[in-house]
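Engineer: Quick one: the structure is below, and I'll ask about it shortly.
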Amino acid sequence: MNEDSPGLDGMEDIGIETVVLGVRARDDDRAETLVDAVEDIRTSNDLTVIVAYIFDKDSHNETIKQVVGADSEHVDPDELASRMSVVRTITDLLEAASIDVETRAAPGTSGDGLVDIAEDVDADRVIIGGRRRSPTGKALFGSAVQTVMFNAPCPVTFVRDQE
């Protein structure tokens, strides 16, 4: 397709400028795959990725104690998110690819927090990773990914664990 030709279905190609990349502590093993997904959809050098770290309800206070120390009075959630090892790894990989990066914490229920961030930054795409689950597992345990897919204000790319 040349520069002047229309995209799929006769629509003009729309550049992606802002991506929200949702990550959790267990995404260490898929960090490179998530960054590859960002690079696959990159349409220009003017891309900004918001790395949104998802704290689950039980881990937030424990994470503050582990990362900052028990004597901390108040920790900015975005600052705490930037200190997580998976966030540092992904940030380093994105910066090495000359991609602008910001870090945010996804508050509340993880799926809802990502949707809120995507709305706040007027995201063009959300990328989130996850593990392979059976339909029964999704119904019994819920799914942050499902929440994001149904409620995000933009297209969502799901990066599934490789077998």
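The values are calculated or read from the model by the stated rules, or taken from the named source; none is laboratory data. Note that the coordinates shown come from a computational prediction; the quantities given were computed from them, not determined experimentally. Cβ: placed from backbone, ideal geometry, glycine included. Neighbour counts: every protein chain shown. Areas reflect the complete protein model, heavy atoms only, side chains present, ligands, DNA and RNA absent. Shrake-Rupley method; radii C 1.70, N 1.55, O 1.52, S 1.80 Å.
Engineer: Going through segment 134-163 one residue at a time, which ones are at pLDDT below 85 and under 19 Å from the mean Cα position of the chain (by Cα)?
Structural biologist: The answer is Gly142, Ser143, Ala144, Val145, Gln146, Arg160, Asp161, Gln162.
Engineer: Quick check on my filter: what residues within segment 10-22 are open to solvent by less than 80 Å² (accessible area, probe 1.4 Å) and either at pLDDT 90 or above or part of a loop (DSSP other than H, G, I, E, B) (or both)?
Structural biologist: Taking segment 10-22 and keeping what is open to solvent by less than 80 Å² (accessible area, probe 1.4 Å), we get 10, 15-16, 18-22.
Once the filter is applied, which keeps residues that are open to solvent by less than 80 Å² (accessible area, probe 1.4 Å) and either at pLDDT 90 or above or part of a loop (DSSP other than H, G, I, E, B) (or both), segment 10-22 yields Gly15, Ile16, Thr18, Val19, Val20, Leu21, Gly22.
Engineer: For Ser72, state whether it is at pLDDT below 90 and closer than 26 Å to Pro153 by Cβ.
Structural biologist: Working: at pLDDT below 90: yes; closer than 26 Å to Pro153 by Cβ: no.
Spelling it out, it is not the case that Ser72 is at pLDDT below 90 and closer than 26 Å to Pro153 by Cβ.
Engineer: I need a count of the residues in segment 82-123 that are farther than 23 Å from Thr43 by Cβ and outside any helix (DSSP H, G or I).
Structural biologist: 7
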